[in-house]
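> Encoded as structure tokens, here's the structure I'll be asking about.
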Amino acid sequence: MSCDQLRDRIEFKRKEMYHAYLVEKDYSAALKKSSELDSMLNKFRKLCLKSFILALGVLIF
């Protein structure tokens, strides 16, 4: 999965989580989606930010 696809899935999951919490008042669903979102964000940090930081380091030096 590309970083752009993962970013889109994160945004979609974030919207789902807030909708469950604010609109539906389904706190257990919001908590589940929050956990899924956390996992996706960790994956994004590992896969996408690492390569970004390396690319930035190459540009600086």
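> What helices (runs of 4 or more DSSP H) lie completely within the chain and have 1 or more residues being over 16 Å from the mean Cα position of the chain (by Cα), surrounded by fewer than 13 Cβ atoms within 10 Å (Cβ to Cβ) and at pLDDT 95 or above?
27-44
> Now for a separate question. Show the residue pairs meeting these rules: Cβ distance below 6 Å; 6+ apart or different chains; first residue within segment 1-14 and within 12 Å of Leu47 (Cβ to Cβ) and touching a residue at least 40 places away in the same chain (Cβ under 8 Å); second residue open to solvent by 90 Å² or more (accessible area, probe 1.4 Å) and not in a helix (DSSP H, G or I).
none
The values are calculated or read from the model by the stated rules, or taken from the named source; none is laboratory data. Every value quoted in this text rests on a predicted model; they were computed, and no experiment measured them. Ideal geometry is used to build each Cβ from the backbone, glycine not excepted, and the neighbour counts take in all protein chains shown. All accessible areas refer to the heavy atoms of the entire protein, side chains included, with ligands and DNA or RNA removed. Shrake-Rupley method; radii C 1.70, N 1.55, O 1.52, S 1.80 Å.
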